[in-house]
1. Given the options Gly167, Gly151, name the one that is surrounded by fewer than 19 Cβ atoms within 10 Å (Cβ to Cβ) and on the phi > 0 side of the Ramachandran plot.
2. Do you know which residues across segment 176-221 are in contact with a Lys or Arg (Cβ under 9 Å, 6 or more places away or on another chain) and over 15 Å from Thr146 (Cβ atoms)?
3. I'm checking my understanding of the structure. Among residues of segment 194-214 that are closer than 19 Å to Lys91 by Cβ and free of Cβ contacts under 8 Å to residues at least 24 places away in the same chain, which one is least open to solvent (accessible area, probe 1.4 Å)?
4. Looking at segment 1-32, which of its residues are in contact with a Phe, Trp or Tyr (Cβ under 9 Å, 6 or more places away or on another chain) and among the polar types (S, T, N, Q)?
5. Do you know which of the residues in segment 112-121 that are open to solvent by less than 60 Å² (accessible area, probe 1.4 Å) and touching a residue at least 12 places away in the same chain (Cβ under 8 Å) is nearest to Lys187 (Cα to Cα)?
6. Six or more apart or on different chains, Cβ atoms under 8 Å: show the pairs whose first residue is in segment 156-184 and over 24 Å from Ser19 (Cα atoms) and whose second is open to solvent by 10 Å² or more (accessible area, probe 1.4 Å) and acidic (Asp, Glu).
7. Kindly indicate which of Ala28, Ala9 is out of contact with any Ser or Thr (no Cβ under 9 Å at 6 or more places or on another chain), surrounded by 15 or more Cβ atoms within 10 Å (Cβ to Cβ) and aliphatic (A, V, I, L, M).
Amino acid sequence: MTSGILYYAAPTPNGHKVSVFLEELKAAYALEYEIKRIDITKGTQKEPWFIKLNPNGRIPVIIDHNRNDFVVFESAAILLYLQQHYDKENKFGFDKDTDPDNWSEMLQWIFFAHGGVGPMQGQANFFYNYATEDIPYAKKRYHEETKRLYGVLEIRLQDRDYLAGPGRGIYSLADINVIPWIRFYKKAGIESLDEWPHLKAWVDRSFARAGFQAGIDVLGKPL
């Protein structure tokens, strides 16, 4: 591949964030990209060639062949990079110079998810599904914190369709950055989203988008 975006990913919440946005950009602007799936269960992301791309040894990573093979890692950073360079009509975000308040609002919710929902639910997922010993305190701690964060989103969505933007909001990176995590709520020991009806409707609304669904499907069966 000599042009377009090369995307190293796995079918995880962080992997889905970027694949969803790539599919949305593909539909909106005909952006070309290629996926190389990384088998994180075999530790491929820890191999020397991958560490050169991301010293943290984690997916996702992109190489932008359109821009001198520029490398970007960290899922939220990738989303912001792609929006900056490939969403020229701001269909999925806001211009920081001409629409600074909505741009800031979008960043606030991106950082809320990146520093809260992802890490807390990620720990809940681990202790419920992958830990080699049962640690009830850890399961309860991260389960309850995940639910609290869902409650924060519920408050925000009481009179809105999306997290950021004027009026009832517009579908943007703020939503794309967190919904792939919420899709895996059962892995965090949460049986249903019925406790948060506005959040549930928001997830369903976003998942109904063709681009969102394509972005989930393109990475294959979840790990």
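The values are calculated or read from the model by the stated rules, or taken from the named source; none is laboratory data. Since the model is a prediction, treat every value here as computed from it, not as a measurement. Using ideal geometry, Cβ is built from the backbone for each residue, glycine included, and neighbour counts are taken over all protein chains shown. Side chains included, ligands, DNA and RNA excluded: accessible areas come from the protein's heavy atoms. Shrake-Rupley method; radii C 1.70, N 1.55, O 1.52, S 1.80 Å.
1. Of Gly167, Gly151, the one residue that is surrounded by fewer than 19 Cβ atoms within 10 Å (Cβ to Cβ) and on the phi > 0 side of the Ramachandran plot is Gly167.
2. Result: Ile176, Asn177, Asp194, His198, Trp202, Phe207, Gly211, Ala214, Gly215, Ile216, Leu219, Gly220.
3. Within segment 194-214, the match that is least open to solvent (accessible area, probe 1.4 Å) is Gln213.
4. Scanning segment 1-32 gives Thr12, Asn14, Ser19.
5. The qualifying residue nearest to Lys187 (Cα to Cα) is Gln121.
6. Arg168/Asp159; Arg168/Asp161
7. None of the other options fit; the residue is Ala28.
Every residue, every condition in (1) touching a Pro at 6+ places or on another chain (Cβ under 7 Å); (2) of a type in the set (S, T, N, Q); (3) surrounded by 13 or more Cβ atoms within 10 Å (Cβ to Cβ), yes or no:
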position: Ala124; (1), (2), (3): no, no, yes
position: Tyr130; (1), (2), (3): no, no, no
position: Lys139; (1), (2), (3): no, no, yes
position: Tyr142; (1), (2), (3): no, no, yes
position: Gln158; (1), (2), (3): no, yes, no
position: Val178; (1), (2), (3): no, no, yes
position: Phe184; (1), (2), (3): yes, no, yes
position: Ser192; (1), (2), (3): no, yes, no
position: Ile216; (1), (2), (3): no, no, yes
